[in-house]
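Asker: Can you keep this structure in mind? I'll have questions shortly.
The values are calculated or read from the model by the stated rules, or taken from the named source; none is laboratory data. The structure presented is a predicted model; accordingly, all values stated were derived computationally and were not measured. Cβ sites come from the backbone with ideal geometry, for glycine too, and all protein chains shown count toward neighbours.
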4 protein chains.
Amino acid sequence: MDYQPILDKIRKEIEVYAHEGKQADYIPALARVNPDQFGLCLNTLDGKTYRLGDSATKFSIQSISKVFSLAIALSIMGKDLWQRMAKEPSGSAFNSLVQLEYEHGIPRNPFINAGALVSADVLLSNLDDPEAFYLNFVRTISGNPTIDYSDEVAQSEQSCSYLNASIAYLLKHHGNLHNDVNQVLHLYCRMCSLEMSCEDLSRAFMAFAKSNEPFSHAGVNLTISRVKRINAIMQTCGFYDEAGEFSFLVGLPGKSGVGGGIVAIYPSRYSIAVWSPRLNAKGNSIMGMKALELFTSETEESIF
Amino acid sequence: MDYQPILDKIRKEIEVYAHEGKQADYIPALARVNPDQFGLCLNTLDGKTYRLGDSATKFSIQSISKVFSLAIALSIMGKDLWQRMAKEPSGSAFNSLVQLEYEHGIPRNPFINAGALVSADVLLSNLDDPEAFYLNFVRTISGNPTIDYSDEVAQSEQSCSYLNASIAYLLKHHGNLHNDVNQVLHLYCRMCSLEMSCEDLSRAFMAFAKSNEPFSHAGVNLTISRVKRINAIMQTCGFYDEAGEFSFLVGLPGKSGVGGGIVAIYPSRYSIAVWSPRLNAKGNSIMGMKALELFTSETEESIF
Amino acid sequence: MDYQPILDKIRKEIEVYAHEGKQADYIPALARVNPDQFGLCLNTLDGKTYRLGDSATKFSIQSISKVFSLAIALSIMGKDLWQRMAKEPSGSAFNSLVQLEYEHGIPRNPFINAGALVSADVLLSNLDDPEAFYLNFVRTISGNPTIDYSDEVAQSEQSCSYLNASIAYLLKHHGNLHNDVNQVLHLYCRMCSLEMSCEDLSRAFMAFAKSNEPFSHAGVNLTISRVKRINAIMQTCGFYDEAGEFSFLVGLPGKSGVGGGIVAIYPSRYSIAVWSPRLNAKGNSIMGMKALELFTSETEESIF
Amino acid sequence: MDYQPILDKIRKEIEVYAHEGKQADYIPALARVNPDQFGLCLNTLDGKTYRLGDSATKFSIQSISKVFSLAIALSIMGKDLWQRMAKEPSGSAFNSLVQLEYEHGIPRNPFINAGALVSADVLLSNLDDPEAFYLNFVRTISGNPTIDYSDEVAQSEQSCSYLNASIAYLLKHHGNLHNDVNQVLHLYCRMCSLEMSCEDLSRAFMAFAKSNEPFSHAGVNLTISRVKRINAIMQTCGFYDEAGEFSFLVGLPGKSGVGGGIVAIYPSRYSIAVWSPRLNAKGNSIMGMKALELFTSETEESIF
């Protein structure tokens, strides 16, 4: 199947949304991004690559990093990781403290901030140089050695993220962070600050799209069953409190970030990444969501 | 592929769970059920049927009825239905009032009790004889004209379900029930009281497994896109606050009921129903959950 | 001390608030009331009575009834009553279901709707004719045999109060209502519908102002200690989620109703009732609150 | 009136509670305290002082410090302080984050930790040397120049109070802390660490008992109206989620601390401080609560 004509058609259809919403502006480096960009990259398991627009432009991956850190943490701890976090949809915003307080410091899932802070804590406790390990891992699965952290984004993020600090101290209060809070926040912000293009992300997530192969990249090893389970969590929890909506409209497991990126996979078939900085009220890219919705509608290829 | 050897093997493996948990006992008719039963029926799209144990024994479908009433309500109202309920995981128990109060009477999804009460209200507003219509619809998609309501279960349920009455009045307070509360509760309890076997349920859900065909049965018509979306909601919301766990362990869209039944589908491949009355703390069948988890592990056929 | 000059001065000062807010309009009988009325009556323990404006006009006492029903329920059950409700401020709206769900059907205090429904239930379980008993009790402590229920208000209230029905069924679900829900709602609405003037209310609450005398009126008997404790609960819980504000501004125990009435007492000194139908966002009379604030400021007679 | 015989009698009656509960043990310095101590000191406005037991032993005042810091903050900011915190009972535990999140960083009242952190922030923004100012203020109103901070308690507290750090960062996130979080936490912990005896506290709170005199001590000046309002807040919010219970049982405005101290006042009549380290589940001194309950019962002198 040649997906290019479908992608070209979608590009035209989503143009009407080109000026809706606005980009994240809570740190200067994100606020400075030109919001009128759109990129897409699709990789299929039979080896083809399709591109649209700014597919090679790097952007801040933000929460998409939570999938990578989960993969590493799960490789380290195996199913014991689930003693420290659950895998249920939160039903509330990604940064809510309410549930975390009621549930005594056990995050609902690895894709809310609290869960990703626990993943960062696992990396800190078990790796000699977690920053280097993480970077090497992402470079390897993306096949792009130029991927790097943004010092500016990481620093801004850490210095202004009082809410993440609040969450981290609540985890610490409940004994669910073993390292120094500032170290955990530092690593978390570094991981979020990674800059990747749609092409990089699409290639990286091929590792999850190949869900019938064990996952083994740069020292991170997961069984088939664990890869499938990461995909299941992306399906139910990948979009904050819009997970149901994304599942309903797009029908694929995926993960979004406030940098405007979204990556989704069709197991055993393809990996697709889109990027456009303007966000809806839930913090997900408007053009990105729409492009993916149209893509699975046009191709009739949702997993359902 | 011949699934029978796998099913036989699973039957043996789950025997260790045969006496864990206990059946629902909040009404006498459910409490009286022999808890030591187990049935399973699998129908594939290529026309084969596999069975285990008490696959022909009828039981109370309870919340599985919510999928049928959603299909009817969606056929009636189309996407306008989503003005009256959302499609996000609730992150809380199926009968919680908290979220419903905070969210001004808009249920989180059609598979919590509040959402199913709204579906019942839609049927009451739009059908001459909703009870007859519903029964005819289920009989048709199951291909079994002997399926019927249990008067005893429906009556017990209505007379003791103070919590459902509380939810219904809260919906009414927010203007999200248009009919008399007692009528809505009556219809809701009738629909939950339906008695079906695993064979009936597995056949009925073939209509959802065939997600690339428009849904058209006994006056209920849905587009392919809407069938897929019902499946997506089963995936994210079908198991109360254990939806993530089910998605994680089983990896299929499905729906459970406190009668001990669970039905799940693999789109374009099969429909499978299991039943065993003993429940876990979340109200889902212990042996049923385990059987499905083993089935997708053994066959490596989760949708992820 | 002659309070009349102070009261006259206050009357002038509050005139600027005369058109702020609007009256309760959720039932026709309340919506029809002329909102531009103001009455006040003050009775001192040394036997003097002071009046302002529409002090003899009867109005719907609404939630002020909760003090009367608490006095009767406490007379019947003594401290066992506190097994069925707490006496802590709720920190939330008077009709919230959230806390009641988290706290398993034990109302926070007798002055939120849930608590008053439990009081009504106690009356139903223990009195032959609770409506007649309640009416006789209020007539006796007010010294006014013409006080009566408003059939119209009671009927409108019951037929439209879906939220109270929701609360009542949640109580029933938790086993904290022993009588039929409709009977409880009926009695609750009757008691709220009572019509009294500021003169009636001020006289009635002299029974609480005389907190160093045992309470004994028309078959209702309370020790000194219990009278003081009812006063303490009025102080901390008498004004929904504005209890702190009232305590802060006025400094007296009291109780308000959405009919626009407020009654407050200075133990061992006086009882004061005000009425004006226009309400603030919290459901308390604007002119009434202001008049009482000015009164305790001018007289420097807050209990603090 | 000679209170000594009543106090002696009470001392005997509360002996049965002498071994119930246990002291706070979350920091070593508090855990080391001999739990089997009891002290009481009563000062009347007519100049008499009564004592029981360990009335001269100093202990950690902990949350009682919140009254002193509120008085200073209110003296600095006047009613503008109420833009930054409310004065309603919280209805939840003293350290809950839930309400603070829902209410966008505005603490419910000055006596929960969040509110006291805001008070500390006000001191930091407006005083050259807040620690010295605070200490001088407390020494002056207590008439005891030997009162001092406990370095050990303050340091332990700050280094282990992850929950307070979580609260502080949430306040900072909502823009309701203007100073560096660590500085605020440092000052807060210092103020809590103050060590005073029942005699010191009873004398200090005479400033609040004299509610018909303007408050003017060591640079802190409040009108009569503001003194009364601080008393009103002690009444409704002084005992965490046991404020209603204390008001009900004791009937006086007061404030407790987890060091086991409780201080209460009868406006225009007396100030009373009790101390005993063993706490109930709500964090209030068991013998202290009981002694005060008996005292107002015996003397029939609750403000109600």
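Here's the yes/no breakdown for (1) in contact with a Phe, Trp or Tyr (Cβ under 6 Å, 6 or more places away or on another chain); (2) in a loop (DSSP other than H, G, I, E, B); (3) within 10 Å of chain B (Cβ to nearest Cβ):
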{"residue": "A:228", "(1), (2), (3)": "yes, no, yes"}
{"residue": "A:235", "(1), (2), (3)": "no, no, yes"}
{"residue": "A:268", "(1), (2), (3)": "no, yes, yes"}
{"residue": "A:281", "(1), (2), (3)": "no, yes, no"}
{"residue": "A:288", "(1), (2), (3)": "no, no, no"}
{"residue": "A:298", "(1), (2), (3)": "no, no, no"}
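Asker: All but one of (1) among the polar types (S, T, N, Q); (2) out of contact with any Asp or Glu (no Cβ under 7 Å at 6 or more places or on another chain); (3) in contact (Cβ under 8 Å) with a residue 60 or more places away in the chain hold for residue C:55, so report the exception by its number.
Answerer: Every listed condition holds for residue C:55 apart from (2).
Asker: Next question, about the same structure. Do we have any residue at all in segment B:57-70 that's assigned to a loop (DSSP other than H, G, I, E, B), under 20 Å from residue C:162 (Cβ atoms) and among the hydroxyl-bearing types (Ser, Thr, Tyr)?
Answerer: no
Asker: Restricted to segment C:114-129, and to residues that are buried (at least 24 other Cβ atoms within 10 Å of the Cβ) and touching a Phe, Trp or Tyr at 6+ places or on another chain (Cβ under 6 Å), which residue is farthest from residue C:165 (Cα to Cα)?
Answerer: The extreme case among them is C:120.
Asker: Before we move on, is residue C:297 buried (at least 22 other Cβ atoms within 10 Å of the Cβ) and of a type in the set (Ser, Thr, Tyr)?
Answerer: Taking the combined requirement at face value, the residue does not satisfy it.
Asker: Can I ask one more? Which of the residues that make up segment C:1-47 are within 23 Å of residue C:152 (Cα to Cα), among the small types (Gly, Ala, Ser) and more than 20 Å from the chain's Cα centre (by Cα)?
Answerer: Matches in segment C:1-47: none.
Asker: Could you please let me know if residue A:27 is at pLDDT 95 or above and surrounded by 13 or more Cβ atoms within 10 Å (Cβ to Cβ)? Outline the logic, then answer.
Answerer: Details: at pLDDT 95 or above: no; surrounded by 13 or more Cβ atoms within 10 Å (Cβ to Cβ): yes.
So residue A:27 does not fit the description; no.
Asker: Do you know which of the residues in segment B:150-200 that are within 17 Å of the chain's Cα centre (by Cα) and of a type in the set (Gly, Ala, Ser) is surrounded by the fewest Cβ atoms within 10 Å (Cβ to Cβ)?
Answerer: Only one residue tops the list, namely B:150.
Asker: How many residues, within segment C:169-218, are closer than 17 Å to residue C:133 by Cα, touching a residue at least 12 places away in the same chain (Cβ under 8 Å) and polar (S, T, N, Q)?
Answerer: Count: 2.
Asker: For segment D:237-265, what are the residues that are within 13 Å of another protein chain (Cβ to nearest Cβ) and touching a Leu at 6+ places or on another chain (Cβ under 6 Å)?
Answerer: Just the residues of segment D:237-265 that are within 13 Å of another protein chain (Cβ to nearest Cβ), to begin with: D:237-254, D:264-265.
If the condition is that a residue be within 13 Å of another protein chain (Cβ to nearest Cβ) and touching a Leu at 6+ places or on another chain (Cβ under 6 Å), then D:250, D:264 are the ones that fit.
Asker: Could you list, in sequence order, all residues of segment A:189-214 that are within 9 Å of another protein chain (Cβ to nearest Cβ) and either under 22 Å from residue A:33 (Cβ atoms) or hydroxyl-bearing (Ser, Thr, Tyr) (or both)?
Answerer: The answer is A:211, and nothing else.
Asker: Something else now. Considering every residue within segment B:146-166, establish whether at least one is farther than 30 Å from residue C:181 by Cβ and out of contact with any strand residue (DSSP E or B) (no Cβ under 9 Å at 6 or more places or on another chain).
Answerer: Within segment B:146-166, the first condition is being farther than 30 Å from residue C:181 by Cβ, and the residues that meet it are B:146-148.
Next cut, out of contact with any strand residue (DSSP E or B) (no Cβ under 9 Å at 6 or more places or on another chain) only: B:146.
Within segment B:146-166 (the criterion being farther than 30 Å from residue C:181 by Cβ and out of contact with any strand residue (DSSP E or B) (no Cβ under 9 Å at 6 or more places or on another chain)), the answer is yes, since at least one residue qualifies.
Asker: If you scan segment A:71-111, which residues turn out to be assigned to a loop (DSSP other than H, G, I, E, B), at the interface with chain B (Cβ under 10 Å from one of its Cβ atoms) and either among the aromatic types (Phe, Trp, Tyr) or in contact with a Cys (Cβ under 6 Å, 6 or more places away or on another chain) (or both)?
Answerer: Answer for segment A:71-111, where residues must be assigned to a loop (DSSP other than H, G, I, E, B), at the interface with chain B (Cβ under 10 Å from one of its Cβ atoms) and either among the aromatic types (Phe, Trp, Tyr) or in contact with a Cys (Cβ under 6 Å, 6 or more places away or on another chain) (or both): A:89, A:109.
Asker: Give me the residue from segment C:134-163 that is among the acidic types (Asp, Glu) and closer than 30 Å to residue B:167 by Cα and, out of that set, farthest from the other protein chains (Cβ to nearest Cβ).
Answerer: Applying the filter and picking the extreme gives C:151.
Asker: Select, from C:281, C:232, the only residue that is surrounded by fewer than 23 Cβ atoms within 10 Å (Cβ to Cβ) and not assigned by TED's automatic domain parsing to the domain that holds residue C:118.
Answerer: Checking each option against the conditions leaves just C:281.
Asker: Looking at the structure I just gave you, is residue C:150 in contact with a Leu (Cβ under 8 Å, 6 or more places away or on another chain), touching a residue at least 12 places away in the same chain (Cβ under 8 Å), assigned by TED's automatic domain parsing to the domain that holds residue C:124 and not hydrophobic (A, V, I, L, M, F, W, C)?
Answerer: yes
Asker: Further question on the same structure: Here are some conditions: (1) at pLDDT 95 or above; (2) assigned to a loop (DSSP other than H, G, I, E, B); (3) more than 30 Å from residue C:102 (Cβ to Cβ). Residue D:20 meets all but one. Which one does it not meet?
Answerer: Every condition holds for residue D:20 apart from (3).
One line per residue, one yes/no per condition, for (1) assigned to a loop (DSSP other than H, G, I, E, B); (2) surrounded by fewer than 22 Cβ atoms within 10 Å (Cβ to Cβ); (3) touching a Gly at 6+ places or on another chain (Cβ under 6 Å):
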| residue | (1), (2), (3) |
| --- | --- |
| D:246 | no, no, no |
| D:251 | yes, no, no |
| D:255 | no, no, yes |
| D:262 | no, no, yes |
| D:277 | yes, no, yes |
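Asker: Give me the pairs: first residue in segment A:11-40 and free of Cβ contacts under 8 Å to residues at least 24 places away in the same chain, second residue among the acidic types (Asp, Glu) and in a loop (DSSP other than H, G, I, E, B), beta-carbon distance under 7 Å, and six or more apart or on different chains, which are they?
Answerer: Pairs that qualify, where the first residue is free of Cβ contacts under 8 Å to residues at least 24 places away in the same chain and the partner is among the acidic types (Asp, Glu) and in a loop (DSSP other than H, G, I, E, B), are A:31/A:25.
Asker: Would you pick out the residues in segment B:209-234 that are β-branched (Val, Ile, Thr) and in contact with a helix residue (DSSP H, G or I) (Cβ under 7 Å, 6 or more places away or on another chain)?
Answerer: Those that are β-branched (Val, Ile, Thr) and in contact with a helix residue (DSSP H, G or I) (Cβ under 7 Å, 6 or more places away or on another chain): B:220, B:227, B:230, B:233.
Asker: Sticking with this structure for a sec: How many residues does segment B:41-51 hold that are in contact with an Asp or Glu (Cβ under 8 Å, 6 or more places away or on another chain) and more than 14 Å from residue B:201 (Cα to Cα)?
Answerer: 0
Asker: Turning to a different aspect of this structure: For segment C:39-56, check the following and say yes or no: at least one residue is within 12 Å of another protein chain (Cβ to nearest Cβ), surrounded by fewer than 18 Cβ atoms within 10 Å (Cβ to Cβ) and at pLDDT 95 or above.
Answerer: Taking every residue of segment C:39-56 in turn, none turns out to be within 12 Å of another protein chain (Cβ to nearest Cβ), surrounded by fewer than 18 Cβ atoms within 10 Å (Cβ to Cβ) and at pLDDT 95 or above.
Asker: Of all residues in segment B:215-226 being in contact with a strand residue (DSSP E or B) (Cβ under 9 Å, 6 or more places away or on another chain) and in a helix (DSSP H, G or I), which is farthest from the other protein chains (Cβ to nearest Cβ)? Quick ask: steps written out before the conclusion?
Answerer: Initially, segment B:215-226 is screened for residues in contact with a strand residue (DSSP E or B) (Cβ under 9 Å, 6 or more places away or on another chain), giving B:215-216, B:221-224, B:226.
Now drop any that are not in a helix (DSSP H, G or I), which leaves B:224, B:226.
Details: B:224: 7, B:226: 10 Å.
Going through the qualifying residues, I end up with B:226.
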